[in-house]
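Just so you know, all these numbers are worked out from the coordinates, no wet-lab data involved. Since the model is a prediction, treat every value here as computed from it, not as a measurement. Ideal geometry is used to build each Cβ from the backbone, glycine not excepted, and the neighbour counts take in all protein chains shown.
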Amino acid sequence: MESEATTRPSTYQQVTCAVTGIAVGGALLVAQAANAQPAGAPESFADLAESVSPAVVNITTTTTVEAPSRDMPRVPEGSPFEEFFRDFFGGPDGDDGRPEGRRGEALGSGFVISEDGYIVTNNHVIEQADEILIEFFEGEELPAEVVGTDDQTDIALLKVEADVELPYVSFGDADASRVGDWVVAMGNPLGQGFSVSAGIISASGRVLQGGYDDFIQTDAAINRGNSGGPLFNMDGEVIGVNTAILSPTGGSVGIGFAMSSNVVEPVIAQLQEFGETRRGWLGVQIQNVTDDMAEALGLDSTAGAMVTDVPDGPARDAGIEAGDVIVGFDGVEIEDTNMLVRRVGDAEVGREVDLEVFRDDDMLTLTVELGRRELATGSAAEEEEEMEAEPPETREEDQMIGLTVATLSAEMREELGLAEDIEGIVVEDVAAGSDAEEKGVMPGDVITQASQRSVTTPAELADRIESAREAGRSSILLLIQRGGEPRFVAVSIDED
């Protein structure tokens, strides 16, 4: 029996896993379509379907779901009620002969990538499964074992033991495909068995929820049960793994998503070699560069990733600082934060790479030795060594660029719950209708940098504002701490 669908609606729509209906959430980003040359539709997809179908598999998983317990009431030993309750609730241990839980089944899809039985599917297809059964195109069934999984990309690698060499398919280059190209999706939709649907690539580079997302959007029909199945180009190469659908009803409305093969292939290689992922780790917090931030910094474009914090790790060891804009990684120009995350994650752990960094109107090249992300998880949350801060003797306060700011006192630090190593000035008030208010600056925020330089007094902020004016800038870049999270904001300096 196929698992029941559950959804997580947004304001107008919901994104649903294509096998179980579990909502994966996340806002959609608008992708710019590439120019495509008009071409006629293929006369038939039959030859393609016939050639690759033997490598596509149906996956059935069985999971034990715990049944509600019926605990036997406690009664005194030897009580006349003891035998009655044992008859009603079961034997001496409360065992009434019923199974401890019920068995649930879910359906999905996958595809064979090697003749010795390695199979790719989605992690959510096999997650928490007790048994995994693979059904091949000709009807043969084999049990499968999990080699490794990656919840960051929702990819899993399985293995079956077969007596013969299995038909398999190969990955293609998703980046070589264009919006408007024909694609074919295969799988086990709605438990109906092997099925083929065709459509075009509607968009590329979609981000649904994760930093490693690079989804191909297609109008080829994808439904529950298609999850983990392949998305083929017209050469019979896998350029995506069908993962999710966008639908107000839970069924196909012509908006499906397949994780790009350029993301999946290196993940599969690591799972096959290590049984786990080993992603590169830079050790920075980053945000995208906005138009007003670029103007405040003197950048020609918004390309790159702005560094907001540098905890202990490879980046700090390499000399990266908060306020740096990473515009290049290992010889590749960085467009935004998502691109940097994917490039770093794909890089080999322990490898030395060059970073192109914009700082103080200059371009720097810094060399960093990448750590391993899986080992670094949570390291930024480690407690800092406590230091005793000396409160300032006098209180400074000023109003500028729509902000009333004051020096950070020991009382303020305690009230705001700030770490001892955070230095800056506190925002006490934000003028209504000011650019700072529109940019989301709030009372209680702590300004730690202005124009990529530390500030600890209102006077220093005033100096930075004046310097920005003298440089012909119309805004100033502020680094703000709120709730332990740093972020950059570019605020207009034309309002004083």
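Numbers at a glance
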read-out	value
Amide proton proximity set for residue 493, modelled H, under 5 Å, gap of 5+	475, 476
Centre separation in Å (Cα based) which lies between region 309-368 and region 107-183	34
20 Å cut-off, amide nitrogen to a point 7 angstrom out along residue 432 Cα→Cβ, residues in region 473-496	495-496
Which of 285, 254, 308, positive extreme of dipole for region 244-315 (C-beta unit charges)	254
FRET E, pair residue 138, residue 105, Förster distance 22 Å, beta-carbon r, rounded to 0.05	0.50
Förster radius 51 Å - calculated FRET efficiency between residue 162 and residue 301 (Cβ-Cβ, nearest 0.05)	0.45
12 Å beta-carbon shell around residue 169, net charge (K/R +1, D/E -1)	-3
Net length gained if the chain between residue 415 and residue 354 were fully extended (0.36 nm per residue, minus Cα distance)	17.8 nm
Placed amide H near residue 204: partners under 5 Å, 5+ positions off or other chain	217
Amide H contacts of residue 429 (H built 1.01 Å from N, under 5 Å, at least 5 apart or other chain)	404
Dipole magnitude of region 254-379, debye to nearest 20 (Cβ charges: Lys/Arg +1, Asp/Glu -1, about Cα centre)	660
For region 339-348, Karplus couplings with θ = phi - 60° (6.51, -1.76, 1.60), whole Hz, Gly/Pro x	5, 5, 4, 5, 5, 5, x, 7, 6, 6
Karplus-derived 3J(HN,Hα), 6.51/-1.76/1.60, for each residue of region 456-473, Hz, glycine and proline x	10, 9, x, 5, 5, 5, 4, 4, 5, 5, 5, 5, 5, 5, 4, 7, x, 8
Computed P(r) (all Cα pairs; region 280-381; 5 Å bins; percent)	2, 14, 26, 28, 17, 8, 4, 0
Contour minus Cα-Cα distance for residue 43 and residue 321 (0.36 nm per residue)	94.3 nm
Peptides 462-469, 54-61 ordered by average Cβ neighbours within 10 Å, highest first	54-61, 462-469
